[in-house]
Amino acid sequence: MAGVPRAPMQPDIILEARSLGRDFNGFTAVDKVSLAVRKGDIHAIIGPNGAGKTTFFNLLTSFIKPSRGQVFLDGAEITGKSPAEIANLGMVRSFQISAVFGHLTVLQNVRIALQKRDGGAPNFWSANRLLERYNERALEILRLVRLDSAADRLAVEIAYGQKRALELATTIALEPRVILLDEPTQGMGHEDVEHIMALVKSFAAGRTVVMVEHNMKVVAGISDRITVLARGSELASGTYAEVSANEAVIEAYMGRKKHRSPN
Amino acid sequence: MELFGLPLPVVMGQIVVGLVNGSFYAILSLGLAVIFGMLNIVNFVHGAIYMLGALLAWLLLTKLGVSYWWSLLIVPLLIGAFGCVLERTMLRRLYQIDHVFGILLTLGLAYIIEGLARYWFGAAGMSFDAPEAFSGAYNLGFMRLPKYRVWVIVASLVVCFATWAMIEKTKLGAYLRASTENPAIARSFGINVSVLVTLTYGLGVALAGFAGVLAAPIYQVSPIMGHSLIIVVFAIVVIGGMGSILGSIITGLFLGLVEGLTRAYWPEASTVVIFVVMILVLILRPSGLFGKE
Amino acid sequence: MTSSPLALEVKHLQAWYGESHVLHGIDIEVRQGECVSLLGRNGAGRTSTLRAILGLTSQRSGEVRIHGRDVMSLPTHQIARLGVGYCPEERAIYASLSCEENLLLPPVLKPGGMSLDEIYDLFPNLKERRKSQGTRLSGGEQQMLAMARILRTGADILFLDEISEGLAPVIVEKLGQVIEALKQRGYTIVLVEQNFEFAADLADRLYVIEHGEVVSHLPAAEIASQQAALKELLGI
Amino acid sequence: QDAKAKISDGMVKIGVLTDINGPFMDNVGRGSIVATEIAVEEFGGKVLGYPIQVVSADHQNKADVGSARVREWLDRDKVDAVTELGSSAVALAAMKIAQEKNRISIVTGAGAVRISNEDCTPTNLHWVYDTYSLAKVGTQSIVKNGAKSWYYLTADYAFGHSLENDGKAFIEGAGGKVLGSSRYPFPGNDFSSYILKAQASKADAVAIATAGLDLQNAIKQGKEFGLVEGGQQAVAMLMSIVDVHGIGLKDSGGMLFAESFYWDLDESSRAFARKFFEKTKRMPTALQAGQYSATLQYLKAIEKAKSDDVADVMKAIKSMPINDAFAKNGKVREDGKMVHDMYLVRVKKPAESKSPWDYYTVLETVPGDKAFHPLAESKCSLVKK
Amino acid sequence: MNTQATEKKITVAVLLLALVLPVWLYPVLMAQLACMALFACSLNLLFGYAGLLSFGHAAFFGIAAYATGYMTKAWGFTPELALLGALLLVMLVAFCTGSLAIRRKGIYFSMITLALSQLVYFIIVAAPFSNNEDGYQGVPRGAFLGLLDLGNNYVLYYFVLAIVVLTWWGVHRVVNSPYGEVLKAIKDNEQRVTSLGYNVNRYKVLAFTLSAGVAAIAGGLKTLVFGLASLSDVHWHLSTDGVIMMILGGIGSLIAPVFGATILVLVHHLLSGEFDALVPVIMGVIFVACVLAFRGGVVQYLHTLVRLLTRRAP
Ligand SMILES: Nc1ncnc2c1ncn2[C@@H]1O[C@H](COP(=O)(O)OP(=O)(O)OP(=O)(O)O)[C@@H](O)[C@H]1O
Ligand SMILES: Nc1ncnc2c1ncn2[C@@H]1O[C@H](COP(=O)(O)OP(=O)(O)OP(=O)(O)O)[C@@H](O)[C@H]1O
Ligand SMILES: [Mg+2]
Ligand SMILES: [Mg+2]
C-alpha cells in the first residue's frame, strides 16, 4: 500500500478507512476494509455475527492496533494515535456491552463527559462543587434520553435498557463530530428503540454517526448508507433499498423474512 | 573447569539444590494457585499452614510415635479437613464482598495459628530426623547429595503432577474455573459449586501441609518457619501466570534454580532476584509465563 | 396439549435483590412440551422471574414446582438437575475457558441432549472459533454459545432469556427453526423476549409482566384480537 | 527504708524491653523477664528499703515501637532503668533516649560493638557480649590449633558483617586466611547452596555468622551435606544453648563457638540455673543470665551509692568488681562495657552428654581483658586518652 | 447525602479527640498513631478511590523516613524543609515506579508494587548510610521554621497533628475534586473513560504519586517523632500493615484509616504486659472478627452508631 499515491479526499468525507485489517493469531477478523463516511450521514455497518464489526470499530478508535491499513479523520491520518487522542479529536464510541460508571450517579456519569470537554487535565486542587455548573447541561441531556428522573440514582441500580440510554447520553455530552455506536438499541424495549432512533437521528444533524446494528427496523429507519461486512470483508454497500435487495446480503445476513420499517 | 568464576562442580551442585528448593516452591505455589484461581483469595495463611504441617508431623512423632510415612498421609488429610472447616465457616462469607477482605481474614488466621504455635512452642527450632530409609547421601562425584532431598524432588513432582492431571485432565479444572468466574451460572448448570469450593480450598491447604511434612526433616521445625514464605510463593504464582496450574509448578522449579544460581554468584541478591524476575515477566508478558492472555 | 402434565408451576412467587423487592407474586404454569413467552417492558421483572425460579435471587418466597416437585428448599444446582437449562441474558460466557470448553462445561443432566456435531451444524461459527477464548468471541457468537451450551445437557425445560438479541436476522430466523424443532422433540420452553414478533411466532401462550406481576395472560391465537391491549402494555 | 538514701519516686523501677513474639523470643523474651525477677527476688524485692518493680514490654524488633515505649516509660512511668533492648536498632535508640532523659540503659540483648564504642553514652551499660569478643574468642585459638583457612557464611546484616570482619582480622592475625564468604540475605532458610560453596572452598573451618533459626538450619544442613564428615570444622560465631537444644546433639555435636555463659560452670551458675529452670522448664541462655546479672549489679550499685541517681549509680557500678552466676572476673569499663571471662566451648556428642542440658565442654576460658575490644582502640568519647 | 453528614460528624469527633487525648495518652504514642493513620490514608486514597491496591507503599514511607533523617541530621535541614525534600524525592520515585506499575491491573499491579518495594528494601539494606539493621539513628527533632522547638513532646504532637490534618484535608480535597470524580469513574470502567478522551494512565500515575506523597509525609514525620529510621520502615510487613489498617477502618472512607491505625497501634500498646505473648493471637482474632462481623470496616458501625445517637437526641 505504501507506494500508492493517495487520492485527494473528497471534501465531504469525514471518516475514511483504507484497507484496514487485523489478524488474531492467524485468524483474520478484519481483512482489508475500506470505508468512507460522509459528513452528516448515519452510516450503518451490518453483517453476520463475527463479521468483524466490533473489531472494525476497535480499529477505528485504536482500542485495537490495526495489522494493516490507515484511518483518516477529516483528512488527517489518525492511525496509531491513542484512543484518548482520537476521542479528543472528536470521534467517540460506545461499547457493545453497556459501559456505565456503576458507582457514580446517573448525573455524575454525564458530568464526567462534560468535564472532559472543558480540557480534561487532572484538576485535583479544586472542590468538586466546581462541577455543579455542569448540572444544568447534564440534566438537559438526560432529559433527551428520558433519564432525568433517575438523575440521582446510582448507575448500577438502573435497568439494562436505561444503562444503554445513559451510555448514549454520556457520549452525546462530549458533542463529538463523529460518534460510533455499537448496537445502541440492543436489549431495549420497543418504545425505547424508537426513542433512541429518534434521538440518534436528531443528533446526527450536523454530525456523523456510524453504527453497528442488528435491528433491521433501526437500520432501515434511520441509516443513510449501509456497509455490509461478512467474514472480515466488505460484502456490499449502498442505501437500505440497494443492500436489502442484494442476493449475497440476503443470503449471508438478512434472511428472506420481511423487515418492516416503522415509518 | 570454571563457569563464570565458579568451579563447575559447584555450579552443578547449585542446580541440584536449586531443584530441591524449587520442588518446595512448586507444591506451595501450586496450592496457592489453586486457591487463588478458585476463590480469588490470596491465601495469606499458606505459610502458617505449611508450618502447621511440619509441626504436626513433629508432634505426631514425638508425642504419639507416629512415623514420618504415616504423617505424610495423615497430616495433609487433617489439614485438608481443617481447611474445609475454615472455608465452610469463614471464607465462605467473603465471596459476596470485596476480595481484599480475604487478605485480612487469612492474615488474621495466620496471626492466630502462628501466634498460638509460638505461645506453646517458642520460636526456636525443633529437630526432626529424616526417616531411616533416606538418611545418608549419594555421592555424585561433584557433591554429596542427601538421599532425603532426592526423595523430596520425587515426592513433590509426583504430587504436583497428580494434582495437575486431576485438575486439567478431568473436567474438574473447567468446573473450578467456571465456578470462580460466575458461580451463579455454574450452579444453574447443576454444578455443586459450594462443595467444589470447599474441597478445593481443602486441597490447596492440604498441599501446603504436605510440603510442611516434607520440609520437617530438612529445616528446623519452628512456628516461624513459614512466616515470610507467602510473598515469595505468591510472586511465583504470578510469574507462572495466575490460573495456570502447570505454570505454577514449572515456575516453582525454575525459580528454585534461578535463586540457587543467584546464591552462588551474588548471594546478597538472592531474595530480591525473584522480584526482579517478576517485574521483567510482568512487563514483557503481562499474563505471566504460562498464563493465557 | 392441555392434557400433558405441568412441567413448571409457579405460584405467588416473590423475590428480592437485597433490599429491593422486584417480584410481587408471579403465577405461571407451563405444561410439558409447551413454549411460553414472558413479555414486558425493560425492568419489568422477566429475567428476575427466571432467576427466582432457579433460586438465583438473594431471597424468594411462594411456590415453585418443577415436574411436580417442590423446589423452594432446594439449592440451585439441584433445581438445575431436575432438567432445567438456563441461557442468561448477559450470556455469562466464561472468559477463562475456550469456546469448546464453554460448550462442554455444563454436566449432562439427562440423556437426549444434542451431540457436539449437531450443535456445530446448527452454529457453524462456533465450530470455526472453537479454540478461541470465550470472551474473545463476537457478541453474537457469545449469544449462540450461551444457547448452544444448554442444548447438550439434555435439560428438557429451557429458560431462554433474550436469545435473539444481537444476532443477525438470518441467525434469528434459524434460531426460530431450532426452537420449533425443540418443541417438536418435546422440550418445554420459557422464552423471555424483547423481540415481540419472534416470540409471537413461537409461543403457545404469552404472559405479560409489569412491575413484578403478571398483568395479562393470553394464548397465541388471541394475539391478533388483543393487539390494542398489547400495544398498551408493551408499546409495540 | 534507709532515710539517707535518695531514691526517686520512692521506688526503683526496671523496664525490660524485649522480644516477646519475634525470632529471638527464646534467647531473651519471657526468660529475660523471669531472670530479672529472680534478681529482684534475691534482693528481697526491696533495695535500701524501697520497693523494686519490674515492668516489661515487647519491642517487636521495631526501633520505633521500642523507642515509643522507652520514651513513655521514662517520661511518664518513672522507670529508672531500661534493660535487655535485644536488637541493635532498639538498643541504640533506647540508649539515646535514656541519655537525653538522664536515666540508665543496660543493653544485655544486643551485641553491636558500636553500642559501647562510637555510639557509647555516659548512661549506658553494655553487658553480655559484643561481636568483637565473639569473633575473637571464636576464631583465634582455633586458628592456632590448626584451622588455617576459613570460609564465612554470613548474614548480610551489620552484625553479620562485624562478626565476619572482626573474625577475619583475628584469623589473619593468628596466621590464618579467609578464603571467601557468602553473605546471604537475613532471614534465609535454605543454606545448602552456601554449604556447597564452603565445601568447594576446601577451607579448614567454616564460620557461620548468623543467629537464631538461620543458624540452626545452617548447622543442620551442614550436617546433612556432610560438611564435618568431609573434614571441615564448623564454627558458629554466635550460638546459644537454645540453638544446641533445638538442633539436638546428634547434628550439633562437635560445633565450636564462643559463649559468655554456661549454666554448668560453677556452683553459683548452677544455683541460678536451677531457679530459672523451675520457672521456665529450660536452662538460661547467656543473654538471660546476663540480664539477671545486670539487674543484680544495678541493684547492688544503688545499694552501694545509697541513691538511684544516675551519676551515682554509674560511678558505683564502675567501681565494683563483678562476680555472680553469670559474670566471672567482671568489671565495667569507662565506655560502659562490662568485660568478663569468655569461653570457647565445644558441643558434646550425644554419647558424652550425661544428663539433660549437659551440652558443652568448655575448652578455653579467655579473660575479659583479652576477649573484649581494648580501650586503647576505643572510639568512645568517654574514654580519656 | 446522609452518609456524608454522618462522616462529617465522625470526622469532627475524631479531630476533637485528637486534640484532647494527649492529656491521657502519651503524646509520642499519639504522634505515632497519627503517622500510621496517615499512612493508611495514603493507601485508601489509592485503593478506595482509584481501585489500585498497593503492596509496596512501605517503600515510600521508608524512603521518606531515611531521607528526612538524612537531611535533618547530615545537612542540618529544619523539619519542614526536610519533609518537603523527602516529599519531592518520594514523589519523583513514585512517578517513575508508578508509570511502570500502572501498566498492569489488579493483583498484577499489587505485585509489581511489592516487587519494586523489595528492590528499594534491597538498596537500603546495602546503602552505606542506612547502617543496615542498626538503623539511621540520632536524628534531632529540630525546630519548626527554626523557631518552634519540637523537643517537647506536646509541641511535637501538635506539630505532627497539624501536618497530618493538613495532609488529610489535601486528600479530602483530591478525592472530592473533579479529578476525584474521574478517578472513581476509572475505578468503575477504565475503557469507557479512555473512550471519552481521558488519558487514563496520566490520571492513575497522578493518583499513585499523590498517594505516595501522603505516605512520604507519614514516613518523614515518623522519623522526626522517633529520631530514627530503620529497616522496619521499608519492610513489606509495613505495607501489609497499611493494607490491614485500611481494610479494618473501612475502604473508601476518608476518616476510616484512623480507626484501623488505632486498632493496630493502640491495641498492641495497651495490651502489653500480661498479654504480650498473646497479642498476635488477639490481633488475629480482631481481624477475623472484623471480616466476619463488620464487613464495611469499623467506620460503618460508627455510622450506624452516630445515626442511632442523633436519632435519639431530638
Ligand atoms: N481479541 C481477539 N482474539 C481473537 N479473536 C477475536 C478477538 N476479537 C475478535 N475476535 C474474532 O474476530 C471475529 C470478529 O469479531 P467481532 O467482535 O468484530 O464481530 P462482530 O461483527 O462485532 O459480531 P457481532 O455482531 O456478533 O457482535 C470473531 O469471530 C471473533 O471471534
Ligand atoms: N442484581 C440486582 N440488584 C438490584 N436490583 C436489580 C438487580 N437485577 C435487577 N434488578 C432490578 O429488578 C427489576 C427487574 O429487573 P429484570 O432484570 O428482571 O427486568 P427485565 O424485565 O428482565 O428487564 P430487561 O429488559 O432490562 O432485562 C429492575 O427494576 C431492576 O432494576
Ligand atoms: Mg460486535
Ligand atoms: Mg431481562
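The values are calculated or read from the model by the stated rules, or taken from the named source; none is laboratory data. Note that this is a predicted model, so its numbers are computed, not measured. Cβ atoms come from the backbone with ideal geometry, glycine included; neighbour counts cover every protein chain shown. Side chains included, ligands, DNA and RNA excluded: accessible areas come from the protein's heavy atoms. Shrake-Rupley method; radii C 1.70, N 1.55, O 1.52, S 1.80 Å.
Scanning the stretch C:199-218 for residues that are open to solvent by 50 Å² or more (accessible area, probe 1.4 Å), in contact with a strand residue (DSSP E or B) (Cβ under 7 Å, 6 or more places away or on another chain) and without any contact (Cβ under 8 Å) to a residue 40 or more places away in the chain returns C:Val215, C:His217. Filtering the stretch E:123-143 to residues that are small (Gly, Ala, Ser) and more than 29 Å from E:Phe159 (Cβ to Cβ) leaves only E:Ala126.
Can you confirm whether the stretch A:99-113 contains a residue that is closer than 27 Å to A:Leu15 by Cα, free of Cβ contacts under 8 Å to residues at least 12 places away in the same chain and either buried (at least 23 other Cβ atoms within 10 Å of the Cβ) or not charged (D, E, K, R) (or both)? Looking for residues that are closer than 27 Å to A:Leu15 by Cα, free of Cβ contacts under 8 Å to residues at least 12 places away in the same chain and either buried (at least 23 other Cβ atoms within 10 Å of the Cβ) or not charged (D, E, K, R) (or both), one finds none in the stretch A:99-113, hence no. Being basic (Lys, Arg), at pLDDT 90 or above and open to solvent by less than 40 Å² (accessible area, probe 1.4 Å) is a property that does not hold for B:Arg88. Listed by position, the helices (runs of 4 or more DSSP H) inside the stretch A:184-263 whose residues that are within 17 Å of the chain's Cα centre (by Cα) number at least 2 are A:190-204, A:216-222.
What about D:Ala325, is it crowded, with 19+ Cβ neighbours inside 10 Å and either assigned to a loop (DSSP other than H, G, I, E, B) or among the aromatic types (Phe, Trp, Tyr) (or both)? In short, yes. Scan the stretch A:192-214 and give yes if some residue there is within 16 Å of ligand 2 (Cβ to nearest atom) and surrounded by fewer than 20 Cβ atoms within 10 Å (Cβ to Cβ), otherwise no. Looking for residues that are within 16 Å of ligand 2 (Cβ to nearest atom) and surrounded by fewer than 20 Cβ atoms within 10 Å (Cβ to Cβ), one finds at least one in the stretch A:192-214, hence yes. When the residues of the stretch A:116-143 are filtered to those that are within 22 Å of the chain's Cα centre (by Cα) and surrounded by 18 or more Cβ atoms within 10 Å (Cβ to Cβ), the one that is farthest from the other protein chains (Cβ to nearest Cβ) is A:Leu142. Taken over the stretch B:264-278, the criterion of being open to solvent by 50 Å² or more (accessible area, probe 1.4 Å) and assigned to a loop (DSSP other than H, G, I, E, B) is satisfied by B:Trp266, B:Thr271.
Here the condition is being assigned to a loop (DSSP other than H, G, I, E, B), out of contact with any Asp or Glu (no Cβ under 9 Å at 6 or more places or on another chain) and open to solvent by 20 Å² or more (accessible area, probe 1.4 Å); of C:Ala229, C:Ala181, C:Ala224, it holds for C:Ala224 alone. Within the stretch E:292-309, residues that are within 14 Å of chain B (Cβ to nearest Cβ) have Cβ atoms under 6 Å from residues that are surrounded by fewer than 17 Cβ atoms within 10 Å (Cβ to Cβ) in these pairs: E:Phe294/E:Tyr301; E:Arg295/B:Ile97, counting only partners at least 6 apart in sequence or on another chain.
Inspect the stretch A:144-157 for any residue being away from ligand 2 (no atom under 16 Å from the Cβ) and either in contact with a Lys or Arg (Cβ under 6 Å, 6 or more places away or on another chain) or not assigned by TED's automatic domain parsing to the domain that holds A:Ala113 (or both) and give the result as yes or no. The answer is no; no qualifying residue exists.
Scanning the stretch B:234-261 for residues that are open to solvent by 10 Å² or more (accessible area, probe 1.4 Å) and more than 9 Å from chain D (Cβ to nearest Cβ) yields B:Met242, B:Gly243, B:Ser244, B:Ile245, B:Leu246, B:Ile250, B:Leu253, B:Phe254, B:Leu257, B:Val258.
The residue pairs whose first member lies in the stretch D:56-75 and is in contact (Cβ under 8 Å) with a residue 40 or more places away in the chain and open to solvent by less than 10 Å² (accessible area, probe 1.4 Å), whose second member is in a helix (DSSP H, G or I) and among the aromatic types (Phe, Trp, Tyr), and whose beta carbons are closer than 9 Å, counting only pairs six or more residues apart or on different chains, are D:Ala57/D:Trp73. Please tell me if B:Asn182 is of a type in the set (S, T, N, Q), at pLDDT 90 or above and open to solvent by 10 Å² or more (accessible area, probe 1.4 Å). When the stated conditions are applied, B:Asn182 does not pass them. Please specify each residue of the stretch E:141-188 satisfying the condition of being in a loop (DSSP other than H, G, I, E, B) and open to solvent by 60 Å² or more (accessible area, probe 1.4 Å). E:Leu145, E:Leu147, E:Asn152, listed by residue number. When C:Leu8, C:Leu38 are checked against the criterion of being within 14 Å of chain A (Cβ to nearest Cβ) and either open to solvent by less than 10 Å² (accessible area, probe 1.4 Å) or within 16 Å of ligand 4 (Cβ to nearest atom) (or both), a single residue qualifies: C:Leu38. Once the stretch C:151-173 is narrowed to residues that are within 8 Å of another protein chain (Cβ to nearest Cβ) and touching a residue at least 12 places away in the same chain (Cβ under 8 Å), the residue that is nearest to ligand 4 (Cβ to nearest atom) is C:Glu162. Can you name every residue in the stretch A:231-257 that is closer than 28 Å to A:Asp23 by Cβ and either free of Cβ contacts under 8 Å to residues at least 12 places away in the same chain or not assigned by TED's automatic domain parsing to the domain that holds A:Thr55 (or both)? Matches in the stretch A:231-257: A:Glu251 only.
Scanning the stretch D:288-309 for residues being in contact with a strand residue (DSSP E or B) (Cβ under 8 Å, 6 or more places away or on another chain), part of a helix (DSSP H, G or I) and either open to solvent by 10 Å² or more (accessible area, probe 1.4 Å) or not hydrophobic (A, V, I, L, M, F, W, C) (or both) gives a total of 6. Just one of the listed residues (A:Tyr240, A:Tyr253) is within 10 Å of chain C (Cβ to nearest Cβ) and among the aromatic types (Phe, Trp, Tyr), namely A:Tyr253. Residues in the stretch C:77-114 that are within 16 Å of ligand 2 (Cβ to nearest atom) and either touching a Ser or Thr at 6+ places or on another chain (Cβ under 6 Å) or at pLDDT below 90 (or both): C:Tyr86, C:Glu89, C:Glu90, C:Arg91, C:Ala92.
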